[in-house]
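I have placed the structure first, in the form of structure tokens, so that the comments after it can refer back to it.
Laboratory data are not the source of any read-out in this text; all were calculated from the coordinates shown. On a predicted model such as this, the values are computed, not experimentally measured, just so you know. FYI the Cβ positions are ideal-geometry reconstructions off the backbone, even for glycines, and counts take in every protein chain you see.
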Amino acid sequence: MASLIRSWIPLLILQSFLVAIAFGSKEAEEFSEALLLKPLPDRKVLAHFHFENRAPPSNSHGRHHHLFPKAISQLVQKFRVKEMELSFTQGRWNHEHWGGFDPLSSMNAKPVGVELWAVFDVPQSQVDTSWKNLTHALSGLFCASINFLESSTSYAAPTWGFGTNSDKLRYGSLPREAVCTENLTPWLKLLPCRDKDGISALMNRPSVYRGFYHSQRLHLSTVESGQEGLGSGIVLEQTLTVVLQPETTSVETNMQPSWSLSSLFGRKVVGSCVLAKSSNVYLQLEGRLGHESKNVDTEIEAHKLWKNADFDLSLKPDRVLRESSSLLFIFDIDKSSDSEPFDLGLTWKLPSKWSCQQAPLQATRFLMGSGNERGAIAILLKATESQEKLPGRVVTDGRCTIKANIFQIFPWYVKVYYHTLQIFVDQQQKTDCEVLKKINVSPSTDKVSSGMLEMMLELPCEVKSAAISIEYDKGFLHIDEYPPDANQGFDIPSALISFPSHHASLDFQEELSKSPLLSSFKEKSLVRSYTEVLLVPLTTPDFSMPYNVITITCTIFALYFGSLLNVLRRRIGEEERFLKSQAGKKTFGLKQLLSRLTAKIRGRPIEPPSSDSPAAQSSFLSSKLIFKIILVAGAAAAWQYFSTDN
Amino acid sequence: MEETSDRLNPTTDTSGIAPEFDPKTMRSTKPGLKRLFITTSVLFSFLLGVPFLWKSVEIYRSPLPFHDIDSLSDQIESTPLQFPCNFHAVFVGFESKDPDKLRSQIQDGINQLTHQSSQCGSCNFSISVTVQNQADQCSETLAYNPSMCSYRCGVIKRNEFGVGLDDTVDESLNDVFSGCSENSGKTYSVVVVNKENANGEDEVIKAVVGKRRHAWVVGSGLEESYGDIVARVSEIFVKVFMNGGRDEESIHGEFMPVGSDGKIVLSFSLLNSNPRDWVYDWDFQRIDDALLAPVTKALAPIANISVESQVLYHTPKSSFSSWDEKLQSYIFRTSDLPFFVNSNEWHLDTSAGASGRSKILQFVVYIPSGKECPLLLQLPNGEISKTNGFISPMWGGVIVWNPENCDKDSESPSRNTISPQDLEQIVEIFLGQFRQLFGFKSEAIYTSGLGTYKILPSERGFTEWELDVLSRKHTCFNLHSCSTTLGSLSRLVRSLPRMIIKDEIGEQVKYSLKAAKLAQSNASLGGYSSSASSSREARSLAENAFFHPSIMSVSYFSYEHCFAVYSPFFLPVVAHIVFAALREWKGYRQEKAKYLTWLTRKKTA
């Protein structure tokens, strides 16, 4: 199949060009990788892979690339994406145990299935087209059914409830999308080292997908160069967050399980990705040593930090940073090699207990009502223990309040009655103006667009619980609109609860830190949490129903038509006469009645049973039979003719 | 049997009216037609409704011009597309040669070479010959083409010609033949110069084909062996100018690597098979601007070319290589080539920029890892390939580039940039491969039985006469593919009578046929670029029609469905009506017979 160039003759006299390629003079594409490990209070371990790829402002985006994935750059160029986030998630983030008030959870706790939002840099009228094209392109790129977000019934344009205020923002989610390796492989393909080398080599598929929570995220944003005639730069951030259960051998139930990288993932890191500018592993221990002295300058104390009475680290950290309530050990994996793989382990010696910082309110959502006709959706916000300690309370008019934004999309077949919105604070119904600061409703249109509800609540600080309920009617879908396995029910996407006056950030006071992971932690991120996905059972029709209906109506019509024709045609008087003459012969009342009945049913006079000879009857029968046979044969022949014709 | 019969009771009537009246066989009144009329009118209204029902279940099919499609494909099959070409031969320094005789000899030579068969995309040539004798006097064949370039007699000096660089000779010939009108096809000229055998030694005949549309043969004593020279001139016309110097069987015209929307994406990938050993980078932006831009510009009439590049890492090849002690290098053989491209690990990616049906040509520069460095390609004859690369038709090409120093000096991988000189070399190999993908030779020499011809390479990758050949072949290929696509579409449409065909498809087919017709007429007039563009349009419209999304929606409203939906109603109703009509008709005839017998009885009585 391959033909050879058999010989090399200097074919073309090319203009010789001498260019001093000076890579230092211009900014190059940069890639960095990081892994954050964090033991969780409920005996699980969180692993957060973070990859960042930066393309400097250039005009050759989408055409010439060195490290940055060409596919993503072409996507950005073609659809003029300003900012975009795509996440694939399986499992639900446990806000109670895994934290709800740190940058990690506010950015990586995502709703089940696929979530996509994007801001475009196109005129307002073209935003929807761009969105539709983008969903198709992403669908192909990530082997997922993201293209279902194309239909206008599945996405919405949030105004302020989502946190990013832009009128060119589109948001959509697919709660039922199953996430598996076929989505991870194309995601890994965007990394220069894929899973061949560096930290990503840890991603052993069975161990990654065995976890309790798995969220794979891709966030890209364009950075304006600010220079005339120069394109914008792109920052691509890829994260994978998994929560794993270390296998424990210890019998003590209150003891935290000890683990190592190889026991968690079944693999070890044998070196960094050579293309990465920085590749670090971080270990974050929360809720520890808050009472101890702040300075860790001396060698002995530093040593104490990683080998002490509580726990042992198998490797010496390169640096230790501390925040108000947590410790961060930093390991540089550049030094590891094939002979000396990097296998960080944590061994607990004493039972220890701590808790994560939680969001001010914990949100759950559930359905109320029964039957296939109507129901109600309720969102319950419960105060958490840590609520009092949190910053971000706003004191207005002498009252201390907590602000909470609720953003919810309703599919059109869930017909929400917005006037039924009820708000209860501490089991007492409140009028709207008391707690509802702002509300934005865009009602759904049948089969055209989905409904959207954005609410801003202002709850008193001492609130114990708040509940919002709204009633809905279940709509009827056209028979074509039911998905396969319609009896499973229909999903209502997660609601997003965000707290606009609360921002999570972790500042390790590391002035030297150029680590993209730490700098992303340092940025103040909006505290947000997603609720459960609701499953609404709708009345599903019997899908053979159209044919049943057709058959029944046709039979009724046929009956009606036949009897009408009979009424028009039949001669009642003659038949009666005939029956009278029959009655003259036979006097049995009952038999006469029967024969009259049969005559009526058959619509023709019955022959007296004795009058015809059996031979005549048989010949009559046979002629009728032959006629029937001919009719059936003719129909069969016609059928055959038509069916072979096409 | 009619409604009056219940008024007059036959049992009472029998004794009254006539003595012979038998109520079983006779009747006294005319049988009524009312019931018969009702049943037959219902039956007829049903029969009348059948065409309407038929019409209502009919699916929409836009009428396609089947006849035109068939005639187009017949035409393309039977009469291959030919472009007008003018061949002009100038013989300088020949005595006593009759130009008309020379012309007929060249004509014979050409006919012999083309075997009288006209290939698609070949030339419909006209030949003119000028002979300039040693005294600079000219005699010409009667030019039956008035637009033909006229050669001004005596411009080419017999003894001064061909001195100096070939490039300058080419330029001077361009001046000589400038002012040719290009109205009816391109004019190709061959100048044969018979030099004086000044120093007495046997000079080699030198044949050169220039960058434009000129070739020259210089030698001494040509007058004596003029039969040979005439054969060579006709060979230049046919093998070089008409067929582009390519072997007929090498790459068939079917494999024109141009997408059906007339676009090519050249995707360059630099593969670092193991970045732990060394990492190489390139500055492709400069290459693109400096070296590739002229090529893409030159090929603009054929295809719209865009260039992309990327660098990939951890991309081992999937074939094995072995250590060769003698060469001190790892070698891979031509038999390994089908397994060289590792489609699992080389995520070369289709480009989002290549929307629709563009053609992507992958050009891969493979940098071997430390374990297989240097990596050389061994040809079947045991030699080492000088380009160290290979092509795969319609896919692209691979070049193996070995780093200068294969020793890994340190633990940490070295980060290097391929030097501009090396890059230049890589681009040269690539251009050779690119030419091969288009079916041209990568060599600058064309050898035939009669001798060798030097071909001057163009810095744009393709010379003008090569571009002419390409646009002829491209037009031909486009028209051919357009007609086969439309032919398949018409066969498909005719074989599936229940398929919905939208108006858009009909329109596209119509416009495609129109464009194909236009391309044919432009080609016969000699408009190279106009016929190429309209043939491209014809092909892309035909493909659009064939791959229209709606074409897949074969109606599920099948005959079975029809029966299932309509039979519950129509079967019982129609049975009712037909039987009722039959019975009424039978009864009417019976009664009428009764009446008639009574009438005759009455008459006789």
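At-a-glance table
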quantity: Net charge contributed by nearby residues that have their C-beta within less than 13 Å of A:Gln245 (K/R +1, D/E -1); calculated: +1
quantity: Net charge contributed by nearby residues that have their C-beta within less than 11 Å of B:Val307 (K/R +1, D/E -1); calculated: -2
quantity: DSSP-defined beta bridges in segment B:312-442 - what % are antiparallel, rounded to 5; calculated: 45 percent
quantity: Loop sites in segment A:447-540: GluC sites (Glu not before Pro), DSSP, at most 10 other Cβ within 10 Å; calculated: A:Glu511
quantity: Nearest-0.05 FRET efficiency for A:Glu228 and A:Val122, computed from C-beta distance (R0 30 Å); calculated: 0.90
quantity: For B:Lys408, distant residues with modelled amide H under 5 Å away; calculated: none
quantity: Those GluC sites (Glu not before Pro) in segment A:130-231 that DSSP places in a loop and that have at most 10 other beta carbons within 10 Å; calculated: A:Glu228
quantity: Modelled label reach - B:Ala293, point 7 Å along Cα→Cβ, segment B:454-480 residues with backbone N closer than 20 Å; calculated: B:458-462
quantity: Rough spin-label spacing in nm, given labels placed 7 Å along Cα→Cβ, for A:Thr364 and A:Trp160; calculated: 3.1 nm
quantity: Rounded to whole Hz, the Karplus (6.51, -1.76, 1.60) HN-Hα couplings of segment A:104-117, x for glycine and proline; calculated: 4, 6, 6, 9, 10, 7, 10, x, 4, x, 9, 10, 9, 9
quantity: Residue-wise HN-Hα coupling along segment B:49-55, computed from phi with Karplus coefficients 6.51, -1.76, 1.60 (Hz; x: Gly, Pro); calculated: x, 4, x, 5, 4, 4, 5
quantity: Relative contact order [Cα under 8 Å, 6+ residues apart], segment B:326-471, whole percent; calculated: 19 percent
quantity: Flagged links, alpha-carbon separation over 32 Å, of A:Lys438/A:Lys514; A:Lys70/B:Lys473; A:Lys189/A:Lys335; A:Lys277/B:Lys326; calculated: A:Lys438/A:Lys514; A:Lys70/B:Lys473; A:Lys277/B:Lys326
quantity: Loop trypsin sites (Lys or Arg not before Pro), segment B:320-404 (other Cβ atoms within 10 Å of the site Cβ: 16 or fewer; DSSP); calculated: B:Lys326, B:Arg357, B:Lys386
quantity: Unit Cα scatterers, Debye sum, segment A:175-245: log10 I(q)/I(0) for q = 0.14, 0.20, 0.25, 0.28 Å⁻¹; calculated: -0.55, -0.89, -1.21, -1.38
quantity: Amide H contacts of A:Arg374 (H built 1.01 Å from N, under 5 Å, at least 5 apart or other chain); calculated: A:Lys474
quantity: Residues in segment B:98-115 reached by a label modelled at B:Ser139 [backbone nitrogen below 11 Å; 7 Å Cα→Cβ]; calculated: B:98-102
quantity: Relative frequency of Cα-Cα separations exceeding 15 Å in segment A:498-549, percent; calculated: 69 percent
quantity: Nearest-0.05 FRET efficiency for B:Thr417 and A:Trp354, computed from C-beta distance (R0 35 Å); calculated: 0.10
quantity: Net charge contributed by nearby residues that have their C-beta within less than 15 Å of A:Val441 (K/R +1, D/E -1); calculated: 0
quantity: Relative contact order [Cα under 8 Å, 6+ residues apart], segment A:129-262, whole percent; calculated: 14 percent
quantity: Centroid-to-centroid separation of segment A:25-60 and segment A:192-243 [C-alpha atoms, Å]; calculated: 6 Å
quantity: Relative contact order %, segment A:414-470, counting alpha carbon pairs below 8 Å whose residues are six or more apart; calculated: 45 percent
quantity: Using θ = phi - 60° and Karplus 6.51 cos²θ - 1.76 cosθ + 1.60, couplings along segment A:533-544 (whole Hz; Gly, Pro as x); calculated: 7, 9, 10, 9, x, 9, 5, 9, x, 6, 6, 8
quantity: Label-point separation, A:Lys514 to A:Lys335 (7 Å along Cα→Cβ), nm; calculated: 2.0 nm
quantity: In nm, spacing of pseudo-spin labels at A:Ser324 and A:His97 (7 Å Cα→C-beta vector); calculated: 2.6 nm
